[in-house]
1. Shape call for the stretch 14-164 from the C-alpha gyration tensor, a ≥ b ≥ c root eigenvalues: rounded (a/c under 1.5), prolate (a/b greater than b/c) or oblate?
2. Which shape class applies to the stretch 65-114: rounded if a/c is under 1.5, otherwise prolate when a/b exceeds b/c and oblate if not, where a ≥ b ≥ c are the square roots of the Cα gyration tensor eigenvalues?
3. Working from Cα positions, state the angle (0 to 90°, nearest 10) between the long axis of helix 51-60 and the longest principal axis of the chain.
4. About its Cα centre, what dipole magnitude does the stretch 14-164 give when the only charges are +1 on Lys and Arg Cβ and -1 on Asp and Glu Cβ, stated in debye to the nearest 20?
5. Quick one: among PHE130, PHE49, PHE65, which has the greatest mean-square fluctuation in a GNM of the chain with alpha-carbon springs under 10 angstrom?
6. Rank by packing, highest mean first: peptides 97-106, 154-163, 136-145, with packing defined as the count of other Cβ atoms within 10 Å averaged across residues.
7. Find which of SER82, ASN93, VAL158 sits farthest along the positive direction of the dipole of the chain, computed with +1 on the beta-carbon of Lys and Arg, -1 on that of Asp and Glu, about the Cα centre.
8. Pull up the cross-link candidates among the lysines for LYS56, meaning alpha carbon to alpha carbon under 24 Å and not fewer than 8 places away within one chain.
Amino acid sequence: MPERMIGKAAPDFKMKTVDGKGQNFGEVSLEDYKGKWLILFFYPLDFTFVCPTEIKGFNKKLEEFKNEGAEILGASTDSEHSHKAWINQAEENGGLGELHFPLASDMIQKTARDYGVLVEEDGVALRGLFIIDPQGVLRYSVVHDLNVGRSVDETLRVLKALKSGGLCPIDWEEGDKHL
């Protein structure tokens, strides 16, 4: 596990992407998100079972994240070509369908390693989620087992709490008083 990263500059990255329509390839870097909040989440593999529930969950709540000035970026160690095929495969056959954010390819595994989520022996990323502020500082991270999906609502709650600038007690929700 890397040294403590919260409160420090987020590790820089550059990864190849496919857009959420599964049409166009591109490239993304941390610099592209300067001035915005970024929700960067890693998932283990394309064409699996838990991963699409999370990806579709973030897609469903994307407008709420955008209303908070945040962008979403999903990443795995699969290729951008695999991402494209998964987006374009019919949902009834295990495909994702259209997304409204890109999926990034970390085939060289550098970004997953830098963020401390790479399972070296398997070449896949754990379920790691990171909230990076507009100045590029890592403000939140959660990493857990491959078998359990994350809560999109909790990610949105934490983002709002971080943006509130106050001391937020347990289960703090937007509109609640700070300590």
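1. Working: a/c = 1.38, a/b = 1.25, b/c = 1.11.
Rounded is the answer for the stretch 14-164, as its axis ratio a/c remains below 1.5.
2. Details: a/c = 3.06, a/b = 1.07, b/c = 2.85.
Note, shape of the stretch 65-114 comes out oblate.
3. It is inclined by approximately 60 degrees.
4. On the way: 18 positive and 24 negative charges, 100 e Å.
So the dipole magnitude of the stretch 14-164 works out to roughly 480 debye.
5. Result: PHE49 has the largest fluctuation of those listed.
6. Details: 97-106: 21.3, 154-163: 17.8, 136-145: 15.4.
Taking the mean over residues of other Cβ atoms within 10 Å, the ranking is 97-106, 154-163, 136-145.
7. Ranked along the dipole, the leading option is VAL158.
8. By straight Cα distance, LYS56 reaches LYS14, LYS16, LYS21, LYS36, LYS66, LYS84, LYS160.
Coordinate-derived values only; no laboratory data. The shown structure was predicted, so the numbers you read here are calculated from the model rather than taken from an experiment. With ideal geometry, Cβ positions are generated from the backbone for all residues, glycine too; neighbour counts draw on all protein chains shown.
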